[in-house]
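Q: Attaching a single structure in structure tokens format; questions to follow.
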Ligand SMILES: C[S@@+](CC[C@H](N)C(=O)[O-])C[C@H]1O[C@@H](n2cnc3c(N)ncnc32)[C@H](O)[C@@H]1O
């Protein structure tokens, strides 16, 4: 089991509430924006589905859509399962345990794929993008939500302080300092903007215009399978 899977198993219990706290409640709006990018899609794969927030937002926002959510963390999926067991959601969302790098689906299956705050946690982002491309129908769309370091030279240091110091500090109050430090470090180290678009091209996606949110701290990349 890769280290990130046990990490998410450890923080699963407080994940949703800390997310809302750290993002000042904006995380739900970001996920809604993500779902809007794949409007018109019917069968959708949500990779790194975690506690199921994107899957739930998607089926509520896109009428007639069905979502398969996949994630390797049993504890995150257990929470997702509880949320998705209501009659409103249970026949629209299916949850599966598995890794982005080795998706257990046939080629050309999905109309669209979403992944929120997940691609940087995979062992190989490029291999994950290639797998996404493989299971998408030709012309299907991938929408990827991730944190970025803002370009604004005044705001960037404040943001980095918040991300590198405040986040692990609050995490430590819940006994998860190491885990929240990893989450902030992995953002700084992950390929940003043009570098990430290069990876998408290498995986045979045609990138579309990226959408920057929250003063450039969050980004939605989209790409079409050629
Ligand atoms: C930060 S959470 C994001 C969860 C959810 N998408 C959201 O918006 O709240 C990252 C998720 O990525 C999952 N993950 C870690 N490694 C993965 C991999 N190799 N393939 C797929 N998911 C992975 C973790 O288990 C965790 O649930």
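Read-outs throughout are calculated quantities, based only on the coordinates presented, and are distinct from any laboratory measurement. Quick caveat: nothing in here was measured; it's all calculated off a predicted structure. All Cβ positions, glycine included, derive from the backbone under ideal geometry; neighbour counts span all protein chains shown.
Q: Just one of the numbered conditions (1) touching a residue at least 60 places away in the same chain (Cβ under 8 Å); (2) in a helix (DSSP H, G or I) is not true of residue 77; which one?
A: Of everything listed in (1) touching a residue at least 60 places away in the same chain (Cβ under 8 Å); (2) in a helix (DSSP H, G or I), residue 77 misses just condition (1).
Q: Okay, next question. Just give me the residues in the range 80-100 being surrounded by fewer than 18 Cβ atoms within 10 Å (Cβ to Cβ) and assigned to a helix (DSSP H, G or I), in sequence order.
A: 81, 82, 83, 87, 88, 89, 90
Q: What are the residues in the range 61-74 that are surrounded by fewer than 19 Cβ atoms within 10 Å (Cβ to Cβ), farther than 23 Å from residue 14 by Cβ and either within 15 Å of the ligand (Cβ to nearest atom) or in contact (Cβ under 8 Å) with a residue 24 or more places away in the chain (or both), if any?
A: 61, 66
Q: Can you tell me how many residues in the range 31-51 are touching a helix residue (DSSP H, G or I) at 6+ places or on another chain (Cβ under 9 Å), more than 8 Å from the ligand (Cβ to nearest atom) and touching a residue at least 24 places away in the same chain (Cβ under 8 Å)?
A: Adding up the residues that qualify gives 8.
Q: Quick test for you: out of 4, 58, pick the one residue that is in contact with a helix residue (DSSP H, G or I) (Cβ under 7 Å, 6 or more places away or on another chain), more than 10 Å from the ligand (Cβ to nearest atom), in contact (Cβ under 8 Å) with a residue 24 or more places away in the chain and part of a helix (DSSP H, G or I).
A: Being in contact with a helix residue (DSSP H, G or I) (Cβ under 7 Å, 6 or more places away or on another chain), more than 10 Å from the ligand (Cβ to nearest atom), in contact (Cβ under 8 Å) with a residue 24 or more places away in the chain and part of a helix (DSSP H, G or I) holds for just one of 4, 58, which is 58.
Q: If you don't mind, there's one more thing I want to ask. Return yes when residue 21 is within 13 Å of the ligand (Cβ to nearest atom) and in contact (Cβ under 8 Å) with a residue 12 or more places away in the chain and no when it is not.
A: Answer is no for this residue.
Q: I want to confirm something. Restricting to the range 141-159 and keeping residues that are in contact with a helix residue (DSSP H, G or I) (Cβ under 9 Å, 6 or more places away or on another chain) and part of a strand (DSSP E or B), which single residue is farthest from residue 114 (Cα to Cα)?
A: If we take residues in the range 141-159 being in contact with a helix residue (DSSP H, G or I) (Cβ under 9 Å, 6 or more places away or on another chain) and part of a strand (DSSP E or B), then 147 is farthest from residue 114 (Cα to Cα).
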